[in-house]
Amino acid sequence: MPDLAPTVAVIGGGQLARMMAEPAAALGIPLRLLAEAEGVSAAQVIPDTIIGDHRDIEALRKVTSGAAVVTFDHEHVPTDHLHALADAGVAVRPAPEALVHAQDKAVMRERLTQLGLPCPRWAVVHSPEEIEALGLPCVLKVTRGGYDGRGVWIIRSHHDAEEAFAQSEATGARVLAEELVDFHRELAAVVARSPSGQAAAYPIVASTQLDGICHEVVSPAPDLAPELATRAQQLALTIAKELDVVGILAVELFETRDGRVLVNELAMRPHNTGHWTQDGAVTSQFENHLRAVLDLPLGSPAPRAPWTVMVNILGGPAEQVGRLYDGYPHALARDPRLRVHLYGKELRPGRKVGHVNAYGEDLEDCLARARHAAAWFRGDLGNESE
């Protein structure tokens with residue numbers, strides 16, 4: 001038998017776990033996956049896969065048995081289960097005391113406010129009538145379980161809040177009200193941090209959303225004042241240190257029109273706004289996440305090219321898209337420098353099924369190349385030029 005490196009258990013079978021597999025193979029690190037079903041994205045590429053529910057403590061104990069550390073594709077594992085694993089001696093990274101800030105938006109807001117870090121005005125509300133005290137319009141979020149625009153509502157009168165409170169009642173989550181920020185654009189700061197305290201900060205990126213889902217990312221954020229970029233990186237590094245995050249931390253930010261940054265959301269795992277690093281950085285977020293959770297020295301986050309653009313491939317009607325693989329002949333022949341990452345997912349409208357990265361010396365060229373390729377794979381290249 002070969003002398004294997006320590007095993008990393010990964011909870012969740014989505015594309016983030018799938019994309020950990022490539023750097024794990026290069027580093028010789030075995031992965032063991034807890035997947036929600038046969039044949040899901042990560043299970044297609046990680047042979048050591050256990051099928052089970054992340055809410056089942058016995059499934060969690062099984063996948064972590066003999067593993068050096070456990071980490072995550074998503075933040076939905078019950079906090080109590082994570083504490084039980086940690087109490088049993090499993091190295092949970094990020095630890096449950098840190099991860100709860102990405103699991104519960106109210107806990108996150110309370111802690112960041114205690115630390116004096118910039119956030120939108122917020123309040124936990126218990127009825128539609130209470131939201132008017134914050135000022136309308138505002139944003140309502142369920143504190144647990146929402147992602148990719150789900151569990152988020154823009155409220156213009158307290159009558160618009162009924163769905164949020166109905167979901168809160170059904171799930172047991174609280175309702176968080178936040179001011180509707182009049183922002184210039186959305187930014188993201190991605191950092192990696194190891195248990196020994198080493199940290200690495202990637203360039204600040206600009207992201208755009210489509211129906212609440214990350215659509216495009218540009219690295220670095222164009223025309224971002226250097227002092228604001230530094231402030232955003234320092235903010236993310238401060239959060240990582242104060243919350244004792246281990247692994248990748250993504251801080252979604254609002255850049256306000258008066259030149260400030262406000263924290264919108266936190267994710268403690270590889271993040272969509274860091275996918276550009278696979279091809280545009282010396283060390284990808286996926287490799288640095290694995291290095292961090294194993295307390296290995298972190299890799300350089302420096303960019304390989306002046307610009308990298310990531311565009312998500314969102315699923316459309318199957319009869320329009322066809323088979324994603326069939327997009328390769330045109331896309332790769334047209335742009336030999338293009339990098340395509342498909343997730344092995346069933347096509348559904350609006351679902352993230354892959355992304356493309358384009359990098360180079362000229363931003364407009366990178367944008368055009370990445371947008372063309374993503375549109376081609378989506379099957380909606382109607383009016384774009386060849």
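The values are calculated or read from the model by the stated rules, or taken from the named source; none is laboratory data. Quantities reported herein were computed from a predicted structural model and do not represent experimental measurements. Positions of Cβ are backbone-derived with ideal geometry, glycine not excepted, and every protein chain shown enters the neighbour counts.
Conditions (1) within 24 Å of Asp279 (Cβ to Cβ); (2) out of contact with any Ser or Thr (no Cβ under 8 Å at 6 or more places or on another chain), marked per residue:
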{"residue": "Gly13", "(1), (2)": "yes, no"}
{"residue": "Ala17", "(1), (2)": "yes, no"}
{"residue": "Ala21", "(1), (2)": "yes, yes"}
{"residue": "Ser41", "(1), (2)": "yes, yes"}
{"residue": "Ala68", "(1), (2)": "no, no"}
{"residue": "His81", "(1), (2)": "no, yes"}
{"residue": "Pro94", "(1), (2)": "no, no"}
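Is it the case that Val45 is within 24 Å of Asp279 (Cβ to Cβ), crowded, with 22+ Cβ neighbours inside 10 Å and among the β-branched types (Val, Ile, Thr)? Criteria not met by Val45.
All of Ala98, Ala86, Ala43, Ala102 fail the test of being within 25 Å of Val245 (Cβ to Cβ) and either in contact with a Lys or Arg (Cβ under 9 Å, 6 or more places away or on another chain) or of a type in the set (Lys, Arg) (or both), apart from Ala102. Entry remark, the range 127-161: residues being over 21 Å from the mean Cα position of the chain (by Cα) and either assigned to a loop (DSSP other than H, G, I, E, B) or in the same structural domain as Ala267 (by TED's automatic domain parsing) (or both) number 7 in total. Of the residues making up the range 211-230, those that are out of contact with any strand residue (DSSP E or B) (no Cβ under 7 Å at 6 or more places or on another chain) and assigned to a loop (DSSP other than H, G, I, E, B) are Asp211, Asp223, Leu224, Ala225. The strands (runs of 3 or more DSSP E) found wholly in the range 39-126 and carrying at least 1 residues that are within 23 Å of Gly172 (Cβ to Cβ) and of a type outside the set (Phe, Trp, Tyr) occupy 122-125. Can you name every residue in the range 120-177 that is at negative phi, small (Gly, Ala, Ser) and at pLDDT below 90? Passing the criteria: Ser127, Ala133, Gly146, Ser157, Ala161, Ala164, Ala166, Ser168, Ala170, Ala173. For the range 68-92, the set of residues classified as charged (D, E, K, R) and more than 20 Å from His271 (Cα to Cα) consists of Asp80, Asp87, listed by residue number.
Looking across Val139, Val100, Val124, Val152, one residue alone is surrounded by fewer than 16 Cβ atoms within 10 Å (Cβ to Cβ) and of a type in the set (Val, Ile, Thr). It is Val124. Of all the residues in the range 13-34, those that are touching a His at 6+ places or on another chain (Cβ under 9 Å), surrounded by fewer than 23 Cβ atoms within 10 Å (Cβ to Cβ) and closer than 18 Å to Ala91 by Cα number 0.
Per-residue answers, yes or no, for (1) small (Gly, Ala, Ser); (2) within 27 Å of Arg193 (Cβ to Cβ); (3) in contact with a strand residue (DSSP E or B) (Cβ under 8 Å, 6 or more places away or on another chain):
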position: Gly28; (1), (2), (3): yes, yes, no
position: Ala37; (1), (2), (3): yes, no, yes
position: Ile51; (1), (2), (3): no, no, yes
position: Leu82; (1), (2), (3): no, yes, yes
position: Val124; (1), (2), (3): no, no, yes
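Among the residues of the range 254-292, the one identified as touching a Pro at 6+ places or on another chain (Cβ under 8 Å), of a type in the set (Ser, Thr, Tyr) and closer than 23 Å to Arg185 by Cβ is Thr277. For the range 49-95, residues that are within 19 Å of Glu22 (Cβ to Cβ) and either of a type in the set (S, T, N, Q) or loosely packed, with under 14 Cβ neighbours inside 10 Å (or both) total 2. Scanning the range 170-201 for residues that are closer than 15 Å to Lys141 by Cβ, over 22 Å from the mean Cα position of the chain (by Cα) and among the acidic types (Asp, Glu) gives a single hit, Glu179. Screening Ala164, Ala200 for residues that are among the hydrophobic types (A, V, I, L, M, F, W, C) and part of a helix (DSSP H, G or I) leaves exactly one candidate, Ala164. Scoring Arg32 on the criteria (1) within 22 Å of Leu290 (Cα to Cα); (2) of a type in the set (D, E, K, R); (3) part of a loop (DSSP other than H, G, I, E, B) leaves a single failure, condition (3).
Among the candidates Val175, Val181, Val205, Val191, the residue that is buried (at least 21 other Cβ atoms within 10 Å of the Cβ), within 16 Å of Glu255 (Cβ to Cβ) and of a type outside the set (S, T, N, Q) is uniquely Val205. The condition of being more than 28 Å from Glu361 (Cα to Cα) and modelled with pLDDT of 95 or more holds for only one of Leu262, Leu253, that being Leu262.
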